[in-house]
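Read the figures in this text as sums done on the coordinates, not as results from a lab. The structure presented is a predicted model; accordingly, all values stated were derived computationally and were not measured. Here Cβ is always computed from backbone atoms with ideal geometry, including for glycine, and neighbour counts include all displayed protein chains.
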Amino acid sequence: MSAIPSKSSLRQQLREQLKKLTAASRHQASIQMAAFLPEFAAWNVARRIYAFSPLTNEPDLTRWDWSGKSLALPRMTATGLEFHQVSGFSALPIHSLGMAEPPADAPAALPPDLVLVPGLGFDRQGHRLGRGAGYYDRFLATLPSATWRIGVGFECQVRDSIPTEPHDIRLHGLVTELGVTIFSAPQNSL
């Protein structure tokens with residue numbers, strides 16, 4: 001059994017892995033991910049979904065079918081993430097990190113049924129490795145126990161195991177271009 005690399009070395013490995021993906025392969029994988037969503041029961045009944053505006057090397061959620069859903073995207077603030085209701089991904093201001101985000105005066109979002117979570121890495125036990133700032137772990141810790149937390153990433157980001165710490169929040173599932181995997185259901189979920 002091999003040792004689990006440190007978070008910082010794994011982040012570097014995963015960044016290098018993501019650089020190898022072409023725009024065409026990221027696009028195709030994002031389309032494949034979207035095709036699996038109707039098979040995921042919680043997706044079908046969730047009405048309020050918190051998503052994320054993708055960075056260049058993240059799955060492209062802008063092409064997913066959001067009809068019948070109330071979509072909210074995050075704004076980065078000094079204290080963490082704030083989710084605001086949006087009608088789509090187009091015509092949103094661009095943050096200095098390169099992702100689109102809702103304007104500060106966009107309506108605050110109602111609590112979500114399901115949250116789609118980005119990450120640098122994921123494992124098959126529901127662990128997630130973020131970019132290191134802790135924005136999502138702090139946010140996920142505030143959610144009601146019935147809220148689905150689903151990671152979204154490319155299969156090349158999935159490892160057998162990733163390092164964890166007590167503050168890391170586990171996910172209920174993961175969507176990659178190979179399908180939707182459910183690790184556990186939230187308490188009193190949809």
Which of (i) 0.93; (ii) 1.07; (iii) 1.18 is the computed Rg/Rh (Cα atoms, Kirkwood Rh) for the structure on display?
(i)
Additional length obtainable on full extension of the chain from Ala185 to His95, 0.36 nm per residue less Cα span
29.1 nm
Output the peptides 140-149, 122-131 sorted from most to least packed, where packing is the average of other Cβ atoms within 10 Å over each peptide's residues.
122-131, 140-149
Mind listing which trypsin sites (Lys or Arg not before Pro) in the range 32-108 are in a DSSP loop and have 16 or fewer other Cβ atoms within 10 Å?
Arg47, Lys69
